[in-house]
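Okay, handing you the structure first.
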Amino acid sequence: MARPEKVAEVQAIAERIGSAQSMVLADFTGLTVEQMTDFRRRCRENSVVCRVVKNRLARIAAENSGMDVMKDHLKGPTAILFGPESQIDPAKLVAEFAKDNEAMEIKGGFLDGEFLDTAQIEALAKTPSHDELLAKMMGSINSPATGLVGTINGVAAALARVIDAAAKEKAEAA
């Protein structure tokens, strides 16, 4: 019979799997306690949940959540990064941290229920965030209007200079 704390852990993992927009699996073997603490702090700051899980419990949770494909990738020490608010943040965090700490190894991840290999996770990490994309889009929308205003102001300024020059010419002639 399963112990209640293990049942609760499986339920918690299954809930996170169900609510996550994306997940990244990482092997943290070789990281010092300080490095892992720093990594978890970065995760908290970016609203990413980092859980070191027992593979057996995670496999059961994956099966209960309909993510059977995840079971094949839970081997060895595994940290799962859940992105409940963003599809990109977990990938960005782990890719950035892995650059500075060679001991952190990206195993893969999941986006919309599909498995992404290490290269795909690194490509996802290079994708601009939602806020960056909105800023670029707003800049693109604003660009034609800004150009039009600049052109109209240029014509008005040129007309004002011509009128001023003509007025000075008449003043000198008189």
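The values are calculated or read from the model by the stated rules, or taken from the named source; none is laboratory data. Everything numeric here is computed off the predicted structure, so don't read it as measured data. Reconstructed Cβ throughout: ideal geometry from the backbone, glycine too, with neighbour counts over all protein chains shown.
Quick check on the stretch 153-166. Is at least one of its residues under 18 Å from the mean Cα position of the chain (by Cα) and either in the same structural domain as residue 62 (by TED's automatic domain parsing) or in a helix (DSSP H, G or I) (or both)? Outline the logic, then answer.
First pass over the stretch 153-166, keeping only residues under 18 Å from the mean Cα position of the chain (by Cα): none.
Scanning the stretch 153-166, I find no residue that is under 18 Å from the mean Cα position of the chain (by Cα) and either in the same structural domain as residue 62 (by TED's automatic domain parsing) or in a helix (DSSP H, G or I) (or both), so the answer is no.
Here is a further query. Have a look at 63, 85 and point out the one that is acidic (Asp, Glu) and under 24 Å from residue 132 (Cβ atoms). Before you say what the answer is, go through the steps one by one.
Values: 63 fails: under 24 Å from residue 132 (Cβ atoms).
Of 63, 85, the one residue that is acidic (Asp, Glu) and under 24 Å from residue 132 (Cβ atoms) is 85.
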